[in-house]
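Q: Below you'll find the structure I mean.
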Amino acid sequence: MGTWCGPCVAEMPKLNSFYEHLKTDKLKSDKIGFMSIACNDAADKVKNFLAKNNYIIPVLMSDGQVEKT
């Protein structure tokens, strides 16, 4: 995920909705974990993007190794 990435931004509503569904489905929430990783982005931009759009999906900040691998 990247706030600068058009396809990433476009898919976020569906990913967030999927995450919300998983959280409320007790049969699946115990078996499935879900998160995204922000690459080549600043933590404050990601945090503001999530807040502005009311996204609750967990986002980890890359340490730069995800992009390299």
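The values are calculated or read from the model by the stated rules, or taken from the named source; none is laboratory data. Here the structure is a predicted model, which is why all the values come from computation and not from measurement. Heads up, the Cβs are rebuilt from the backbone with ideal geometry, glycines too, and the neighbour counts pull from every protein chain shown. All accessible areas refer to the heavy atoms of the entire protein, side chains included, with ligands and DNA or RNA removed. Shrake-Rupley method; radii C 1.70, N 1.55, O 1.52, S 1.80 Å.
Q: So which pairs qualify, if the first residue must be in segment 8-37 and closer than 15 Å to V59 by Cβ, the second must be open to solvent by 100 Å² or more (accessible area, probe 1.4 Å), the Cβ gap must be under 7 Å, and the two must be at least 6 apart or on different chains?
A: Filtered contacts from segment 8-37: no entries.
Q: Let me ask something else about it. From the set of residues in segment 12-57 that are part of a loop (DSSP other than H, G, I, E, B) and farther than 16 Å from G2 by Cβ, which is most open to solvent (accessible area, probe 1.4 Å)?
A: Residues of segment 12-57 that are part of a loop (DSSP other than H, G, I, E, B), as a first pass: 25, 30-35, 39-42, 53-57.
Subset that is farther than 16 Å from G2 by Cβ: 25, 30-34, 54, 56.
Details: D25: 35, D30: 135, K31: 168, I32: 79, G33: 72, F34: 54, N54: 119, I56: 84 Å².
Checked segment 12-57; the qualifying residue most open to solvent (accessible area, probe 1.4 Å) is K31.
Q: Hey, among the residues in segment 58-69 that are in contact with a Cys (Cβ under 9 Å, 6 or more places away or on another chain) and assigned to a helix (DSSP H, G or I), which one's surrounded by the fewest Cβ atoms within 10 Å (Cβ to Cβ)? Talk me through it step by step, then tell me what you get.
A: So in segment 58-69, the residues in contact with a Cys (Cβ under 9 Å, 6 or more places away or on another chain) come out as 61-62, 64, 66-67.
Cutting the leftovers down to assigned to a helix (DSSP H, G or I) gives us 66-67.
Working: V66: 13, E67: 10.
Filtering segment 58-69 for residues that are in contact with a Cys (Cβ under 9 Å, 6 or more places away or on another chain) and assigned to a helix (DSSP H, G or I), the one surrounded by the fewest Cβ atoms within 10 Å (Cβ to Cβ) comes out as E67.
Q: Quick check on my filter: what residues within segment 1-11 are under 22 Å from K68 (Cα atoms) and surrounded by 10 or more Cβ atoms within 10 Å (Cβ to Cβ)? Outline the logic, then answer.
A: Quick first cut of segment 1-11, residues under 22 Å from K68 (Cα atoms) only: 1-9.
Those that are under 22 Å from K68 (Cα atoms) and surrounded by 10 or more Cβ atoms within 10 Å (Cβ to Cβ): M1, G2, T3, W4, C5, C8, V9.
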